[in-house]
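Structure first, commentary second.
The values are calculated or read from the model by the stated rules, or taken from the named source; none is laboratory data. All figures in this text were calculated on a predicted structure; none of them were measured in a lab. Every residue, glycine as well, gets a Cβ built from its backbone with ideal geometry; the counts of neighbours run over all protein chains shown. Only protein heavy atoms, including side chains, enter the accessible area calculation; ligands, DNA and RNA are left aside. Shrake-Rupley method; radii C 1.70, N 1.55, O 1.52, S 1.80 Å.
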Amino acid sequence: MDEFDFGPVRFIAGDNRGRYPFCHSLYIGGKRRVIIDPSSNEGRLIGLRDGPGVDEVWLSHYHEDHFLYLGLFDERILAMSEADAPALESMEGFLDYYDIAEGGDRKAWEEIMNTYFHFKPRRADRLFSADEIIDLGGVTVEVIPTPGHTPGHVSFFVREPGVLFIGDYDLSPFPYYGDRDSDIDQTIGSIRRLRAIPARVWISPHDRGIYREEPADRWDRFLAVIEGREARLLDLLAEPRTMTDIVEARIVYGRAREPKLFYDFGEMSTMRKHLLRLMEQGIVEQEGDYYRLA
């Protein structure tokens, strides 16, 4: 994928088309130069750091595929939301935010984060305020709270070129809201808020990356995936089911995938959010290890 400039904003393509464990980054030039979500391409990020320069690193949220190369910027200011910042302050806190239980799986996740994502505890130097407007010197950026994917997820609207970095409301067929403090209804609300932003260019951190026309059909598909998951779960619960039964139905990913640890966790955590939502609505109830229609 190529790099593109939109006035002071540069789209930095991620390896493997920005698919996990990478993502596309955004570089904003101004008197204060910013890189958003440094997980694109290690060599290109080094070039930006050592060439035109990087003064600050902004994270849309705490997930590992958005901080992969954060270690290249140890001497730069790190900014993120107050709700998400504690996740990066320790490995224990990071795994807690994912709601990974104590035991063998937690040790396995810790090894993955250390080996493949170079996790290093880091305290944010600055915390974004809700709806903060930041003047980078000739470039104005609005920080838009978009919770749901994570509790403190933020998106960024660069006013002058009309560029909206939507973060992980990434128009893919796999919306995720399975962390400890993630929320389905907040996810839906954040998508509605993003749709109302008067952008001219929409930047997703994964896959296609750049949308030059309002992606209405993809927003609709994103929301339809959430609704479809819940409908299939309700169909499954025509008979009482355990969480193991629900995971093995593969409602999220459609089939068993490798690595099993990763995808089984994604199935479980996503379905757990739907179950909690349905129980709050009085539609589903739990009896021991079984979930059933109320």
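Among the chymotrypsin sites (Phe, Trp or Tyr not before Pro) within region 216-294, those in coil by DSSP and having at most 16 neighbouring Cβ atoms inside 10 Å are 253. Charged side chains reduced to their Cβ positions (Lys and Arg at +1, Asp and Glu at -1) give region 139-198 a dipole of some 200 debye around its Cα centre.
For GluC sites (Glu not before Pro), the sites in region 13-79 that DSSP calls loop and that have at most 13 other Cβ atoms within 10 Å are 75.
Our estimate of slack between residue 221 and residue 258, defined as 0.36 nm per intervening residue step minus the Cα-Cα distance, is 10.8 nm. Remark: region 51-65, residue by residue, has Karplus-estimated 3J(HN,Hα) of x, x, x, 10, 9, 9, 10, 10, 10, 6, 5, 8, 5, 5, 6 Hz, where x stands for each Gly or Pro and the curve is 6.51 cos²θ - 1.76 cosθ + 1.60 at θ = phi - 60°. Qualifying trypsin sites (Lys or Arg not before Pro) in region 1-94, where qualification requires a DSSP coil assignment and no more than 14 other C-beta atoms within 10 Å, comprise 19, 31. Take region 28-173 with all the other protein chains still there, run a 1.4 Å probe, and you get 37 Å² of accessible area per residue. So what is the relative contact order for the chain, in percent, with contacts set as C-alpha pairs under 8 Å and at least six apart? Once normalised by length, the contact order is 13 percent.
Converting phi to 3J(HN,Hα) with the Karplus coefficients 6.51, -1.76 and 1.60 and the offset θ = phi - 60°, region 257-274 yields 9, 10, x, 4, 3, 5, 6, 5, 5, x, 4, 4, 5, 5, 5, 4, 5, 5 Hz in sequence order, with x at every glycine or proline.
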